[in-house]
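The values are calculated or read from the model by the stated rules, or taken from the named source; none is laboratory data. Since the structure is predicted, the reported quantities are computational estimates derived from the model, not experimental observations. Accessible surface areas use protein heavy atoms only, side chains included; no ligands, DNA or RNA. Shrake-Rupley method; radii C 1.70, N 1.55, O 1.52, S 1.80 Å.
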Amino acid sequence: MKISAYYNWLNKLLCVFLLTYILVPGFISVNVGFFELSASRVAFILLLVFWLRGLIFTRSVQKILQSRLIQHQYFFKLIFLFFMLQWVMVFQSVDFSWSFKRYLNFFIYNFFLILITASIPLQENYVKEVVRFLLIAVTGVILIAIAEILMGTNPFLPFINLESLNEFQRAAFREKLRGGDRRIQATFSHPLSFGQFVVLIIPVLIFFKKELLTKSRVYILIFFLVCVALFIKSRAVLVILILWGGYAFGKSLLSKKVNPSFKVLMIMGILLGGLVFLNTVNISEKLDEYFGGRELLDDDNRTNQIEGAWAILEEHLLTGVGFGKGVEELGYGTSGGARGTIDNYFLTLILDSGILVLGSFLLILLYVYFKYFKVRGNSKWALMGLIFFSVNLISLSLIEVHTLFYFLLTFTLIYNAEAVQSGYYTSQL
């Protein structure tokens, strides 16, 4: 097989995996012996085997991966440290067998996907194909979410045998009500909740709008994403969307491309609209009604999780209680805590694996912040997206989005560094 053909197939398999991971629920699976094979798992196995074949027998794949590991050595060293520290802490787990199984799945999916992403040359056709598949996935997600709103239930329910699912999986298909209306949540994937997907994908679409040929389709999709997201009634998502709006407004004011008179009109319009809104609407009352009686900045559930974690961390601050065991020790989740999540990823890390793992994750975020702060223009969207998503992690367990998050982190970091350095897409064939 020619090297160009190999990369074409590798990139297509990556795109197929991303598409199935985002769009096809992991609950739709078949049992093969002791394994449950979902669409995304099959796609990932094919991707991993094909990549390993190239890595072992193809010098070009080895050279590209080696050059990326050297060029972005600090990023990959921090990633390696993060995964290895968690592996060491698995041996300190209160339940080694359970932590080992959970970690193995986490490691294979995420660590190898990072290396696969770093092995693909950033030629124009490869980058555009990945971004277009993400565009297809976003469109599909919007359609699925709208279908759920119209149907009032999960649109995949007719294809699911609820008796074959555990309690946590069945709960994903139950009515989730807030303020008297259904709150869409796990309409797709593993279970990648719609609100967190919106927060993660908006900066990616804007960052790669050049590769999508026209800006209009990007902003139309973002408009639909935001509109559908308002049905979620998530406080964290609402705050992030407000921050996005403020950032976009600030960029417009500072942009030399925007007519000064239009800037004045924007400011006057916002001030006038704000005054009318404040004088006619009781914001506190409306927010309380919108969130089903919950205050915007108050959450007893998350507060109780933090308080409960402190008592556990007194004895397990350095090592944690074991990968994937924190939620069970804390007493949250269903199926004995095995399928639950803690509503704070930073708390999840320190409770599962200790303070050293939490520190290594924070170093990864700080390093990427530093890299993006050194660039200008469109790359700032990637930076702000990461910052806002990091803020969102205070109220979100990353186990719901970790694979997509690590892929986008690696893909955008490598793309941005090489594009800025060369001024064009780098061909490494």
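In this structure the range 2-125 gives 49 Å² per residue of accessible area when probed at 1.4 Å with all protein chains present. Atom-type composition of the exposed protein surface of the range 104-145 places 71 percent of the accessible area on carbon and sulfur (1.4 angstrom probe).
The alpha carbon gyration tensor of the range 49-153 gives principal lengths a ≥ b ≥ c with a/c of 1.5 or higher and a/b no greater than b/c, which makes the shape oblate.
With a ≥ b ≥ c the root eigenvalues of the C-alpha gyration tensor of the range 199-265, is it rounded (a/c under 1.5), prolate (a/b larger than b/c) or oblate? Taking the square roots of the gyration eigenvalues as a ≥ b ≥ c, the range 199-265 is oblate. For the range 1-26 and the range 99-132, what is the centre-to-centre distance using only Cα atoms, to the nearest Å? If you average the Cα positions of each part, the centres end up 10 Å apart. Taking 28 Å as the straight-line reach from the Cα of LYS251, the lysines in range (excluding those fewer than 8 positions away in the same chain) are LYS128, LYS209, LYS210, LYS215, LYS233, LYS263, LYS371, LYS374, LYS380. Is the shape of the range 1-119 best called rounded, prolate or oblate, per the rule: a/c under 1.5 gives rounded, else a/b larger than b/c gives prolate, else oblate, with a ≥ b ≥ c the square roots of the Cα gyration tensor eigenvalues? Oblate.
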